[in-house]
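This report refers to the structure that appears directly beneath it.
Just so it is clear, none of the values below were taken in a lab; they were calculated from the coordinates. Values in this document were obtained by computation on a predicted structure and should not be read as measured data. All Cβ positions, glycine included, derive from the backbone under ideal geometry; neighbour counts span all protein chains shown.
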Amino acid sequence: TQTVSQSDAHVTVFEGDSVELRCNYSYGGSIYLSWYIQHHGHGLQFLLKYYSGNPVVQGVNGFEAEFSKSDSSFHLRKASVHWSDSAVYFCAVSGSNNRIFFGDGTQLVVKP
Amino acid sequence: DMKVTQMPRYLIKRMGENVLLECGQDMSHETMYWYRQDPGLGLQLIYISYDVDSNSEGDIPKGYRVSRKKREHFSLILDSAKTNQTSVYFCASSFSSQNTLYFGAGTRLSVL
């Protein structure tokens, strides 16, 4: 059974703060791990992905994520957030059959 | 231009009416998906299509069917819509080997 858990439903920070959005997964076999962003009223947009190699992957707009096999985690980080980063962030896990499972999302609010 | 287009964007139907949601993509992606998104429930996979006439049920297929007669086009059909099918529906596509989804902007369906 594949599961994706995003433990924080809401995260509020101030502009310029750093942020970490947490994602834990359970999945048997080789996996892809991804993060997507959804601005209000829009579809999801791909941020970054990990499959193998360097466990720290860089995405767009200064986001990065770190894969940890021992912790079964793929947390998303940004060193200095901007108000435009306010959105819902989804972690996703997928295997070789193209079935992609999403977490419930974390709403990030960036206050000025 | 890499795009997933959903039509219509907004739709109001009465219970028992038939509903057709349409999705097109211009990237020649083999795999296409239909998800629904409800508050607090994240994204739930309804159907996945691996290519023309090669469709598989997702996690919540009951009450839905799909049609894919051309690679670039994937339709979701609700025969006799129910009020609990009120939701936002997202179509997505991907190259089979890359597991990165491209989403449409969504269709907000209200069944009264």
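Structure summary
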item	result
Choice from A:Gly59, A:Gly16, A:Gly41 with maximal GNM fluctuation in chain A (Cα, 10 Å cutoff)	A:Gly41
Residues A:Arg99 and A:Arg77, FRET efficiency given R0 of 35 Å [Cβ-Cβ distance, rounded to 0.05]	0.85
Stokes-Einstein D for the stretch B:1-86, Kirkwood Rh over Cα pairs, 37 °C, 0.692 mPa s (µm²/s)	243
Listed residues A:Gly29, A:Gly62, A:Gly95, most fluctuating in chain A (Gaussian network, C-alpha, under 10 Å)	A:Gly29
Estimated dipole of the stretch B:31-112 in Debye, rounded to 20 [Cβ of Lys and Arg +1, of Asp and Glu -1, Cα centre]	180
Relative contact order, percent, chain A [alpha-carbon distance under 8 Å, six or more residues apart]	37
Loop-resident sites, the stretch B:11-80, for trypsin sites (Lys or Arg not before Pro), counting at most 14 other Cβ within 10 Å (DSSP)	B:Arg14, B:Lys62
FRET E, pair A:Asp8, B:Lys70, Förster distance 41 Å, beta-carbon r, rounded to 0.05	0.50
In nm, spacing of pseudo-spin labels at B:Ser54 and A:Tyr51 (7 Å Cα→C-beta vector)	1.8
Relative contact order of the stretch A:71-112, pairs being alpha-carbon contacts under 8 Å that are 6 or more residues apart, as %	42
Neighbourhood charge, 13 Å Cβ-Cβ cut-off, centred on A:Gly43 and excluding it, Lys, Arg +1 and Asp, Glu -1	+4
Residue-count net charge about B:Ile60 - beta-carbon cut-off 14 Å; Lys, Arg +1, Asp, Glu -1	+2
Among A:Val81, A:Val60, A:Val13, residue whose mean-square fluctuation peaks in a GNM of chain A (springs only between Cα atoms under 10 Å)	A:Val60
Under 5 Å, built H, 5+ apart or other chain: amide partners of B:Phe95	B:Thr100
Two-site FRET efficiency, A:Glu15 against B:Lys82, from Cβ-Cβ distance with R₀ of 45 Å, rounded to 0.05	0.55
GluC sites (Glu not before Pro) within the stretch B:1-57: DSSP coil, no more than 15 neighbouring Cβ in 10 Å	B:Glu17
For the stretch A:36-48, Karplus couplings with θ = phi - 60° (6.51, -1.76, 1.60), whole Hz, Gly/Pro x	10, 10, 10, 7, 4, x, 10, x, 6, 10, 5, 9, 6
